[in-house]
C-alpha cells in the first residue's frame, strides 16, 4: 500500500485505447485546440506557455459553464469549505529481519534469507 492510497486517494483512469471513456478529457482538448487555432502561431515554447496559461485562466475563471447556477469552475471551487489536511497514516516499516550480521560490514548477512512477519492493516 502506498502512502497516497493509505490517505484514501483512489486513481480513476479510463481504459487505454478507449477514447469514449475519456469524454471530459477529450472535450477540454477539443476546446483547447479550437482556442489555439485562433491564436497566432507561437514563436517558441515560452510564447506557447503564455497562450496555454491564458486559456486555462479563461476556461476556469471567465467562460460560462453548464455547472450549477452557471458558476465558473473557480467560483464553484471557491464556494467549497476549506479542506482540512489529512491525518497521515502510520509509516510503513519493513518487517523485522532474521539473520546474523557478518562482522563489521552492515548490510552483509551470512544467510540470504530474510523472514518477514505479517503486518496488521488495522
Descending Cα extents along the principal axes, segment 15-63, whole Å: 35, 25, 16
Potential extension, residue 35-residue 6 segment - 0.36 nm per residue separation minus Cα distance: 6.5 nm
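Quick one: order 63, 34 by neighbouring beta-carbon count within 10 Å, fewest to most.
Numbers: 63 13, 34 10.
The order, fewest Cβ neighbours first, is 34, 63.
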Potential extension, residue 54-residue 25 segment - 0.36 nm per residue separation minus Cα distance: 8.6 nm
Debye-sum result for segment 1-40 in log10 I(q)/I(0), which assumes one identical scatterer on each alpha carbon, at q = 0.30 Å⁻¹: -0.92
Against the rule of thumb 2.2 N^0.38 Å, how large the Cα Rg of segment 1-96 comes out: 1.55
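All of the numbers you see were taken from the coordinates with simple rules; none came from a lab. Predicted model, so just to flag it, every value in this text is computed and none were measured. With ideal geometry, Cβ positions are generated from the backbone for all residues, glycine too; neighbour counts draw on all protein chains shown.
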